[in-house]
Amino acid sequence: METAVKHTERLEWRKLVVPTALRKAPIHRWFVFPHSYTDSLVRNLIEEWELGPGDRILDPFVGAGTTVLTAKQMGIPAHGVDLSPLAVFVTNAKVADHDPDAVRQGLAGVLKDAGEVDSGGETELLHRAFTPLALQRLCGLRQRTRQVTDPQVRGFLLLGLLAILRDFSSLKADGGWLRAGRPRLSGDQVMPRFRRQMEMMLSDLPEQAAGATGSWSAEVGDARALPGDTKYSAVITSPPYPNRHDYSRIFQVELEFGFYRGPQTYDLRHRSMRSHPEARPPSVEPSGYTPPARLQALLDELREKKPDARIPAMLAGYFEDMHAVLWRLSGALCPGARLALVVGNVRYLGVGFPVDELLTDIAAGLGYQPVEIRAVRYRGNSAQQMGEYGREGARESCVMLRAT
């Protein structure tokens, strides 16, 4: 059964659901995820909902921490959850109360003692990504930084190191893949580039909320099995889009340099949301899911076109996973809590899947009150899709819900 919900257009928000502005925003710019929404989107929602210090915001797909950091800058407690240790680390480093003098002291020690170290034990991927000189110098900085005893200073320095890896990597994110290219900088530029990154990050520290009281953090967890028993009065998040993009692949260099060995990265890929074909069904408590009739009809239509069999399975799994997320969230929300989910519609072999409307159907079945589907942008389809099926923009929306 299709859910009756108000559709509106807020195309003036189209720049708020792309990460361009984050690359210039203090602290946010330290590390930016692709496909991120901006701090301005979070601010607009907080102001629209009239949230204050007595509220608490949740982002169950925390990414690079835009929601949690913006909430801190506005003095509203917030928490994030993500399966990726990279996402959680980046968020916690951004929202920490850093002491500039302590950071400068730690940085001076790292720059004084860091040198080239043997990189023979690094993963095959890292040896493909970096020249021998670049990898030896990056590993030297990593080794020295990990020896810093102050955990906040150590986190600040490690985030800066992770942020410069792409300048030296020959493996470049291209859509949902890593493809070979030319590194932007040579290995002899590692130390100067790290210094510049530190100078930029240090220059942002006065922009942090002074004297803010509350709790801002992120933890590793699965939104389909939400950890903890805290209650939230708002959710601002963007689940992965079912567009075959996989963040464990896009950020595989950073993950293997800072957190994982190769097999652990593949395990993360398999455990992630079923928004890409390599993800596998999760081991979570059943949520009583039945696919909406409209979704089932679209899947049947797609299967008739004989696609790669993994694509219908991915789409079916994606909405089952999102049902589990919304079901878990319902137990973590205060009565009347507000939700905004930034999502994107998709099209395969000419069959369009209105992700925003389908999620509204699922949410209504779980007892949420659908408030609005707010279209904010239309994304062009691929050249191949346009050639075969014509030009039709895929809607990107804020799905606005309310807990009962």
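Number of residues in the stretch 14-45 that are touching a residue at least 60 places away in the same chain (Cβ under 8 Å) and farther than 24 Å from A394 by Cα: the value is 6. Residues of the stretch 3-18 that are within 15 Å of the chain's Cα centre (by Cα) and surrounded by fewer than 20 Cβ atoms within 10 Å (Cβ to Cβ): V18 alone. The condition of being crowded, with 23+ Cβ neighbours inside 10 Å, modelled with pLDDT of 95 or more and of a type outside the set (F, W, Y) holds for only one of L51, L69, that being L69.
Any idea which of Y232, Y266 is surrounded by 13 or more Cβ atoms within 10 Å (Cβ to Cβ) and outside the structural domain of L333 (by TED's automatic domain parsing)? Only one candidate passes the filter, namely Y266. Cβ-Cβ contacts under 7 Å between residues 6 or more apart (or on different chains), taken from a first residue in the stretch 142-161 that is outside the structural domain of A64 (by TED's automatic domain parsing) and over 13 Å from K94 (Cα atoms) to a second residue that is of a type outside the set (S, T, Y) and not in a helix (DSSP H, G or I), are listed as Q143/V117; R144/A114. Restricting attention to the stretch 100-144, the residues that are of a type in the set (V, I, T) and either modelled with pLDDT under 95 or within 27 Å of the chain's Cα centre (by Cα) (or both) add up to 3.
When P239 is tested against (1) part of a loop (DSSP other than H, G, I, E, B); (2) more than 23 Å from D39 (Cα to Cα), only condition (2) is not met.
May I ask you to verify whether R182 is surrounded by 13 or more Cβ atoms within 10 Å (Cβ to Cβ) and among the basic types (K, R)? Answer is no for this residue.
Of the residues examined, M273 is not one that is more than 18 Å from the chain's Cα centre (by Cα) and crowded, with 19+ Cβ neighbours inside 10 Å. When you look at K72, is it over 16 Å from the mean Cα position of the chain (by Cα), on the phi < 0 side of the Ramachandran plot and assigned to a helix (DSSP H, G or I), yes or no? Answer is yes for this residue. Here's a check for you: in the stretch 291-326, which residue that is assigned to a loop (DSSP other than H, G, I, E, B) and in contact (Cβ under 8 Å) with a residue 24 or more places away in the chain is nearest to T3 (Cα to Cα)? Ranking the qualifying residues of the stretch 291-326, first place goes to P292.
Among the residues making up the stretch 124-154, a single one is farther than 25 Å from H98 by Cβ, of a type in the set (S, T, N, Q) and part of a helix (DSSP H, G or I): Q136.
You will find that of A134, A78, the residue that is more than 17 Å from W30 (Cβ to Cβ), outside the structural domain of L185 (by TED's automatic domain parsing), touching a helix residue (DSSP H, G or I) at 6+ places or on another chain (Cβ under 9 Å) and of a type in the set (G, A, S) is A78 and no other. Annotation: Q296 fulfils all but one of (1) more than 17 Å from V351 (Cα to Cα); (2) at pLDDT 95 or above; the unmet one is (1). Restricting the stretch 76-95 to residues that are touching a Ser or Thr at 6+ places or on another chain (Cβ under 8 Å) and in a loop (DSSP other than H, G, I, E, B) leaves a set whose member that is nearest to S272 (Cα to Cα) is L83. Of the listed requirements (1) surrounded by 15 or more Cβ atoms within 10 Å (Cβ to Cβ); (2) touching a residue at least 12 places away in the same chain (Cβ under 8 Å), K172 misses just one: (2).
The values are calculated or read from the model by the stated rules, or taken from the named source; none is laboratory data. This structure is a prediction, so every number in the text was calculated from the model and none was measured. Heads up, the Cβs are rebuilt from the backbone with ideal geometry, glycines too, and the neighbour counts pull from every protein chain shown.
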